[in-house]
Every structure is written in structure tokens, then in C-alpha cells.
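Heads up, the thing below is written out as C-alpha cells.
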Amino acid sequence: MNLIDDLVSAAPVIAGIRRDLHAHPELCFQEVRTADVVSAKLTEWGIPIHRGLGTTGVVGIVKAGTSDRAIGLRADMDALPMQEFNTFAHASTHSGKMHACGHDGHTAMLLAAAQYFASHRNFDGTVYLIFQPAEEGGGGAREMIKEGLFDRFPMDAVFGMHNWPGADVGNFAVSGGPVMASSNEFKITIRGKGGHAAMPHNALDPVPVACQMVQAFQTIISRNKKPIEAGVISVTMIHTGEATNVIPDSCELQGTVRTFTIELLDLIEQRMRDIASHTAAAFGMECAFEFDRNYPPTINSVNEAEFARKVMHSIVGESRVAVQEPTMGAEDFSYMLLAKPGCYCFIANGDGAHREMGHGGGPCMLHNPSYDFNDQLIPLGATYWVRLAEAWLKS
């Protein structure tokens, strides 16, 4: 691997910062201490900062030369509302909060690149270092954009990166087109008429109606959408009833829908709405249908993805840059890609063998209570950020 020597030398110190962040996780829009750490390091290195976009966001500004061209590099900062199982020295000190997705590592990789940029400005233009809050369901990217991210800091393209467990360290994955799905939630409340379970003819039982809906929703996937399109409807909660001998008044269904295109999402939402209302009506009942669109699909620009691929080739070689297999997980970097060209890539986090003694019994997978970011990625991810920005601003 063609790593930058200065980044390799600085990696142990940056890893210490990463572990401090891991030990002090903060949930979405609460990343005050994390933003303080980021701001203090950027200021120490002589990088001007702007704070407060999206409540706790931080933007660092590194300029060199005279060009008006600019690139944005983004890292997320927030943790998850989970109890950590690890007991090693840098495990979470906050009960019910954990860096189980590696955002501490994403922040560390961008900090490492920032330190290098501060003393090696081998480019002509501006690098914007975007430390974003609230990726885990809060839509921090959307909020930063609403509050003027791309107006105050005009950039030609924006890039993001996420660690990916399971593949060997030293590998990347990137592709143009959809790489992560839209995230959407629904809630359906079926209103019947309660009664004695021994006399169902005197009631309107919402439970079998709910069962009919759950089954019918899957026909949208198997019979309404094109077979080559990817879509998921998952009913994950059914809430009803309080006693075994009572037919309940109502039944509530909740779940999620994932797609790679807005067109398919439109189709699924309309068909679900039709099925819910007509099924309820067929049994003499009514239902309330709620459908919330959270994150749109993450769709990489083809040109920017190919540019990133060539940069990766120069660092790790062509054989270690895979085609990015799309995942039904969601990511709010999608909002940035709706506003600007760019791409979102994966960097391999290994199989979990990097964890020190004291990790929990579960696998080192994202959103798992035994997860930990692999500090070996810090000089590699930072090298990618540096070479990407340098190449982009020279092209």
C-alpha cells in the first residue's frame, strides 16, 4: 500500500483521539463534546472553523493557491442508543450509548487528513472538512444543507466514506449509481369494534384484517414491481390486545420500506395505501395510514465514483478495489448527493480480530454491541482523503 509516511507516523496519536471519542459517545444533535474535540484539534493545527450548522456540525476550511475550485470531505460524528458489551479500556463510559457504527473512526480519519492538509497544502483550491452530526436517524446532513452548508461553503463535489466489516483491511469498494437504499417507515392503525372473544359475531375483529394486510403487502414486491428492481417491505411490529378473551378495538402495524429509486418508492407507498384502505373496508372497518419518508437513496455520481476508484488504485492497487455491492441500509449522505456531485465509498474494517481483550461475545459488525472501529484504517483512510483532494483540485 502506498500510504503517506506522515500519516503513518501520526496514526497512534490520532488513534488515541479516536478511542477517547469512543469512550464518550454522544447521540444525534448532542455531539457537543465531540465537536469541541474536533474544533480544538483543527484550531491547534491552524485551520479556520465554522461551528453550529445542524446544531453541532463543524466545518474546517483549508485553502491553498488561487483557484476557486473546492471539494468537500465528510465524516459523521454521532453514536447509537445502544449498550456496549465491550469491556476494554476505551469502552463507552455512557450507559446506553455506543459508537457501534464507527463514526468515531470516520471522524478520526478526517482529522488525520486535516492535520496533514494543514502542513502540506499540495493543491490549488479549497478543501472543506465537514464533520456532520446526527447521521443515525436525525438527518444531520439535511439540516446542515438547510442551514446553508453549500451556500456558505460552495464546493464542486462532496465525498463520504464508511467502514465496512467483513473484508480484509486494505480493500475499498466504490461504484457509480445507487449504493444504499432509501429508508422509510409506515404505521397503519386498523379500527374495529371490540367484544368478547367467545362472541366474535358481535365485534369487528381487526386482527385477521391486519394479517390479511401483512400477506398482501408482499404481493407488491412479487407482483407489482419489476422483478429486476430491488425493494423491501418489512412489517416489524404488530401491537394489539390486552387479554386473551377480549377482541381488541384496534390493531397497529409498523415497519419499514427500502428502495433504490424514488419511482419504486412511489409505487410501493400507493399500493400499500390502497391495500390497507380497501382491505379494511372489505371487513367493514376503517384504517389510518401513515407513511414517512426518511432518507432518500444514496446514488453516487458515475464520474466522481470513477475518479475515486482511480485514486484508490494508486493507493492499494486495482485488485483491492471492489465493485460496491448495494446495500439496503440507508445513509443521510444521500442528501448531499442530491445537492452536489460526489460519491460514497466503503473501506474494509477487517473481521474483528483487531479488537483487544475484553470485547463482547458478538461479531464485530455494524450496530452490534461488540463492534469496534479498526485503528489500522486511520492512515489508509486519511491517505485516501488526501490523495483524493489533491487529485481533484489538480484535475
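Bear in mind that the values in this text are calculations on the coordinates, not laboratory data. Remember, predicted model here, so these are calculated numbers, not experimental data. All Cβ positions, even for glycine, are placed from backbone atoms using ideal geometry, and neighbour counts span all protein chains on display.
Of note:
- For V158, the amide hydrogen comes within under 5 Å of the amide hydrogens of G72, G342, C343, counting only partners 5 or more places away or on other chains and with H modelled in the peptide plane.
- Our coupling estimate for segment 286-303, obtained by passing each phi through the Karplus curve with A = 6.51, B = -1.76, C = 1.60 and θ = phi - 60°, is 10, 9, 9, 10, 10, 9, 10, 8, 8, 9, x, x, 8, 10, 6, 5, 4, 5 Hz, Gly and Pro reported as x.
- Amide H contacts of S183: N294, Y295, each under 5 Å away and 5 or more positions distant or on a separate chain (H built 1.01 Å from N in the peptide plane; Pro and chain starts excluded).
- Nearest-ten-degree value, helix 103-119 long axis tilted from longest Cα axis of the chain: 20 degrees
- Working note: Karplus 6.51/-1.76/1.60 with θ = phi - 60° gives segment 245-253 the couplings 10, 10, 6, x, 6, 8, 9, 10, 10 Hz, where Gly and Pro are set to x.
- Entry note, the chain: the mean residue ellipticity at 222 nm calculated from DSSP H runs of n ≥ 4, each adding -39500 (n - 2.57), is -11000 deg cm²/dmol after division by the residues and rounding to the nearest 500.
- Nearby aspartates and glutamates by direct alpha-carbon distance to K340 (threshold 17 angstrom, same-chain neighbours under 8 apart not counted): D68, E143, E147, D151, D156, E304, E306, E331, D332
- Distance between segment 332-395 and segment 311-328 - C-alpha centres, whole angstrom: 13 Å
- Cα-based shape type of the chain, given that a ≥ b ≥ c are square roots of the gyration tensor eigenvalues and the cut on a/c is 1.5: prolate
- Fluctuation leader among R18, R152, R320 - the chain, Gaussian network, Cα springs under 10 angstrom: R152
- Spin-label proximity, D124 to segment 61-91 - amide N less than 11 Å from point 7 Å beyond Cα toward beta carbon: 65-69
- Label reach from A391 (point 7 Å along Cα→C-beta): in segment 338-367, amide nitrogens under 17 Å belong to 342-348.
- Distance (nanometres) between label positions extended 7 Å along Cα→Cβ at A339 and E318: 3.7 nm
- Our estimate of slack between S234 and D5, defined as 0.36 nm per intervening residue step minus the Cα-Cα distance, is 77.7 nm.
- For segment 173-182, Karplus couplings with θ = phi - 60° (6.51, -1.76, 1.60), whole Hz, Gly/Pro x: 9, 7, 7, x, x, x, 10, 9, 8, 6
- Highest average first, the peptides 153-159, 37-43 ordered by how many other beta carbon atoms sit within 10 Å of their residues are 153-159, 37-43.
- For H103, H22, H50, H278, the sequence from fewest to most other C-beta atoms within 10 Å is H278, H50, H22, H103.
- Packing-based ranking, highest mean first, of 194-203, 230-239, 267-276 given that Cβ atoms within 10 Å are counted: 267-276, 230-239, 194-203
- Inter-part distance where segment 2-80 and segment 170-209 are each reduced to a Cα centre, Å: 39 Å
- Relative to the dominant Cα principal axis of the chain, helix 206-219 is inclined by about 50°.
- In this structure the amide hydrogen of M98, modeled in the peptide plane, comes within under 5 Å of the amide hydrogens of L80, M82, none closer than 5 places in sequence on its chain.
- Within-12-Å neighbourhood charge of F373 [Cβ basis; K, R +1; D, E -1]: 0
- Between the helical axis of 377-394 and the longest alpha-carbon principal axis of the chain there is an angle of about 70 degrees.
- Candidate lysines - alpha carbon under 23 Å from K225, same-chain residues fewer than 8 apart omitted: K187
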